[in-house]
Amino acid sequence: MAELVIRDLHVSVEGDEGAREILRGVNLTIRSGEIHAIMGPNGSGKSTLAYSIAGHPRYVITSGTVTLDGADVLAMSVDERARAGLFLAMQYPVEVPGVTVSNFLRTAATAIRGEAPKLRTWMSEMKESMETLQVDQSFASRNVNEGFSGGERKRHEILQMELLKPKIAVLDETDSGLDIDALKVVAAGVNRVHDKEDTGLLLITHTTRLLKQIPAQFVHVFGDGVIVTSGGPELAEQIDAEGYEAFAAVPAAGE
Amino acid sequence: MAVVQEEREIAISVPVNKSEVVSSFRADDFAVPTGREEDWRFTPMRRVKSLLNPLPDSSGAKVAITAPDGVNVEWVESGDSRLGQVLTPVDRVSALAWEHVEQALVVTVPKGSTFDESILVEIDGSAASYSKIRIIAEADSSATVVIDHTGTGEHASNVEVSVGDRSRLVLTSVQDWDRSAVHLGRIHTQLGRDATLQQVVATFGGDTVRLVSTVGYDGPGGSADLFGAYFADAGQHLEHRLFADHDAPHCRSNVVYKGALQGEHAHTVWIGDVLIRAKAVGTDTYEINRNLVLTDGARADSVPNLEIETGEITGAGHASTTGRFDDEQLFYLQSRGISADIARRLVVSGFFADVIDQIPTESIRTRLWAAVEDEINLVGAEQSQ
């Protein structure tokens, strides 16, 4: 049983006009097997939370704690966090020219597992994941994210999640840019990994589309850098019906 | 091969047509370059100064040759009739090396013979030196030649190569100089009918290296692949100038040069000139230069230049890209558990693989991969400080 605990997390970014606080005290606990969704308007700080957990250097933690099974995540480098069992499926995965998907995945799996996977079992493992996610086998020899369509990038992110088997995975706007068919394939992949590995999931999204495919038990409404309200799936339905403005203290985007 | 990310075409006003460039065996026919000339405008002239006039003593290098039985290797006087058949110097330094070298090495691959084992020419400099190497691959032959430069000192070289009709030559030139060395070199290859050249130039060491590699064609069917890999560290100047002179019909040239740069004032220059003359119908040419900038403070100049005098060609294209290994790429790879060191290694080795793996000589390939590894460790060490 893994447990990611976020306590009173404050995060700033350095901008042209000095430091700006984006997260203002986030509290959240995610355990193995649980599916949480953070919903909120654009600009509310949702992605900042995702990248802060992963350790992106742009975000400065000014106070608070993040622990994974008691270990101090904030003291770890980005790669140490991944090896400890955290994963971030990114909204905009970057291109890495010169590195093939196959080489990248095997290098990552070697780093996470602590030893190189046996070539034969690795090949079948990769083939199976690619088939489920309807990723063409030719992907393996292409450069990471280079020339990938939006849908291909998202499927590639979930492919990595399946192969790296994190304890807790954060999915940042995984539904954005996907048509309904692509969304179903990606969601089926996420559900499959969750069911098989008992992964704790944190879905970050501003629409309820993804939640219709991946059943979140806990829904948190995010506004102005804090969790405003938490509840069950009914909260998502309320957002769908009334929008974010119905929630007190959640300013509309851009305010 | 990797998809070209950004393609930019640079129109450069060349003062004269490439065919009108001065060529001479006499150094006095060339003025001492000042750095304002088109051909020298990127070169740090102060650092190459000692090679702009005759060297008082040019015996500062040892040359060792290893060749399989059946290949003829001779040291000859500089007036030997086999010299100067296909190469004429196009700059003062090359002409000085031509005039003042004491002996030339002639390597002949006899007609109809095939050698799998590499012919290895090792030039080890300790002080200022000149070299002149003549490679003659006679008709219907096949051979692999490696010229390996190591050591210190200033060096000016001419490598004159003929690939006979229907012959195949694989020529690798490695510039693995010590950090203080200066090397100004010229390689010219003349291809016979249906002859094939595969050239790999790998430049990792030296303070300043400037190589001019040119190719000409004597008849139809000639095919040249010119590959290059270079890695410049802080303060190094590595310059590669290529010229494919298509003066026969139905010939092919393909240029792929890749360079990595790291550190303050690391500077690389790549000039890729291609001239398709009026009679060179059916020419097929492509050239690409890709640079990977690993740190701030480094500069890659890249100038492809294509002149076409006939419309009846099969293909002509060029591309130049300069990309950065940036923080976002590093973050992405690290977020998958890959350490910063391994991430850098992954990116750099992936970048060089399609050039270095072209080198058929295993010992050289292994050494270059080790050199790449050393370079990566260097930047890794700097960044973890």
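The values are calculated or read from the model by the stated rules, or taken from the named source; none is laboratory data. If you're wondering where the values come from, they're calculated on a predicted model, not measured in any experiment. Neighbour counts are summed over all protein chains in view; Cβ atoms, including those assigned to glycine, are modelled from backbone coordinates with ideal geometry. Ligands, DNA and RNA are excluded from the accessible area calculation, which covers all protein heavy atoms including side chains. Shrake-Rupley method; radii C 1.70, N 1.55, O 1.52, S 1.80 Å.
Each residue in the range B:157-173 was checked for being within 22 Å of B:G84 (Cβ to Cβ) and either without any contact (Cβ under 8 Å) to a residue 12 or more places away in the chain or within 14 Å of the chain's Cα centre (by Cα) (or both), and 7 pass.
Being in contact (Cβ under 8 Å) with a residue 60 or more places away in the chain and open to solvent by 30 Å² or more (accessible area, probe 1.4 Å) is the filter here; which residues of the range B:350-361 pass it? So that I can check it myself, show each step before the final result.
Restricting attention to the range B:350-361, the residues satisfying the condition of being in contact (Cβ under 8 Å) with a residue 60 or more places away in the chain are B:351-352, B:354-356, B:358-361.
Those that are in contact (Cβ under 8 Å) with a residue 60 or more places away in the chain and open to solvent by 30 Å² or more (accessible area, probe 1.4 Å): B:D354, B:Q358, B:P360.
Being more than 24 Å from A:P117 (Cβ to Cβ), away from chain B (no Cβ under 14 Å) and open to solvent by 30 Å² or more (accessible area, probe 1.4 Å) holds for only one residue in A:D181, A:D198, A:D175, and it is A:D181. For the range A:79-90, the tally of residues that are more than 19 Å from A:G151 (Cα to Cα), at the interface with chain B (Cβ under 7 Å from one of its Cβ atoms) and in contact with a strand residue (DSSP E or B) (Cβ under 9 Å, 6 or more places away or on another chain) stands at 1. Pull up the range B:275-288, narrow it to residues that are part of a strand (DSSP E or B) and either charged (D, E, K, R) or open to solvent by less than 10 Å² (accessible area, probe 1.4 Å) (or both), then point me to the one that is nearest to B:V215 (Cα to Cα). Restricting to residues being part of a strand (DSSP E or B) and either charged (D, E, K, R) or open to solvent by less than 10 Å² (accessible area, probe 1.4 Å) (or both), the top hit is B:L275. The residues of the range B:178-222 that are among the small types (G, A, S), under 17 Å from B:H250 (Cα atoms) and open to solvent by 10 Å² or more (accessible area, probe 1.4 Å) amount to a single one, B:G221. If only residues of the range A:141-172 that are more than 10 Å from every other protein chain (Cβ to nearest Cβ) and open to solvent by 20 Å² or more (accessible area, probe 1.4 Å) are counted, the one that is farthest from the chain's Cα centre (by Cα) is A:S141. Taken residue by residue, the range B:231-250 has at least one member that is aromatic (F, W, Y) and in contact with a Lys or Arg (Cβ under 8 Å, 6 or more places away or on another chain).
Counted as qualifying within the range A:25-137 are the strands (runs of 3 or more DSSP E) with 2 or more residues that are within 30 Å of A:I227 (Cβ to Cβ) and not aliphatic (A, V, I, L, M), namely A:59-68. In the range B:192-247, counting only strands (runs of 3 or more DSSP E) that sit wholly within it, the ones holding 1 or more residues that are polar (S, T, N, Q) span B:196-203, B:208-217, B:223-232. Within the range B:143-170, the only residue that satisfies the criterion of being among the acidic types (D, E) and either in a loop (DSSP other than H, G, I, E, B) or touching a Gly at 6+ places or on another chain (Cβ under 6 Å) (or both) is B:D165.
Residues in the range B:136-160 that are surrounded by fewer than 24 Cβ atoms within 10 Å (Cβ to Cβ) and under 26 Å from B:S59 (Cβ atoms): 8 in all. Please work out which residue is surrounded by the fewest Cβ atoms within 10 Å (Cβ to Cβ), limiting yourself to the range B:335-346 and to residues that are of a type in the set (A, V, I, L, M) and either more than 8 Å from chain A (Cβ to nearest Cβ) or in a helix (DSSP H, G or I) (or both). Taking the candidates together, the pick is B:A340.
Please specify each residue of the range A:91-105 satisfying the condition of being within 7 Å of another protein chain (Cβ to nearest Cβ) and either of a type in the set (K, R) or farther than 23 Å from A:E128 by Cβ (or both). Those that are within 7 Å of another protein chain (Cβ to nearest Cβ) and either of a type in the set (K, R) or farther than 23 Å from A:E128 by Cβ (or both): A:V94, A:V96, A:P97, A:G98. The numbered conditions (1) more than 14 Å from every other protein chain (Cβ to nearest Cβ); (2) more than 20 Å from the chain's Cα centre (by Cα); (3) open to solvent by 40 Å² or more (accessible area, probe 1.4 Å) are all true for A:A116 except (1).
Could you run through the range A:166-220 and say how many residues are of a type outside the set (D, E), assigned to a strand (DSSP E or B) and at pLDDT 95 or above? Looking only at that region, the number is 12. Looking at the range B:35-54 only, could you name the residues that are touching a helix residue (DSSP H, G or I) at 6+ places or on another chain (Cβ under 7 Å), assigned to a loop (DSSP other than H, G, I, E, B) and over 17 Å from B:W270 (Cα atoms)? Across the range B:35-54, the qualifying residues are B:L52, B:P54.
For the residues A:M126, A:M76, the requirement of being away from chain B (no Cβ under 12 Å), at pLDDT 90 or above and either more than 16 Å from the chain's Cα centre (by Cα) or open to solvent by less than 60 Å² (accessible area, probe 1.4 Å) (or both) singles out A:M126.
Here is a yes/no grid of residues against (1) assigned to a helix (DSSP H, G or I); (2) surrounded by fewer than 21 Cβ atoms within 10 Å (Cβ to Cβ); (3) without any contact (Cβ under 8 Å) to a residue 40 or more places away in the chain:
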| position | (1), (2), (3) |
| --- | --- |
| B:D273 | no, no, no |
| B:R290 | no, no, no |
| B:E307 | no, yes, no |
| B:S320 | no, no, no |
| B:E328 | yes, yes, yes |
| B:L333 | yes, no, yes |
| B:V348 | yes, no, no |
| B:S363 | yes, yes, yes |
| B:V372 | yes, no, no |
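Only one entry in A:I227, A:I214 is touching a strand residue (DSSP E or B) at 6+ places or on another chain (Cβ under 8 Å), open to solvent by less than 20 Å² (accessible area, probe 1.4 Å) and among the aliphatic types (A, V, I, L, M), namely A:I214. Number of residues in the range B:46-60 that are modelled with pLDDT of 95 or more and in contact with a Ser or Thr (Cβ under 7 Å, 6 or more places away or on another chain): the value is 2.
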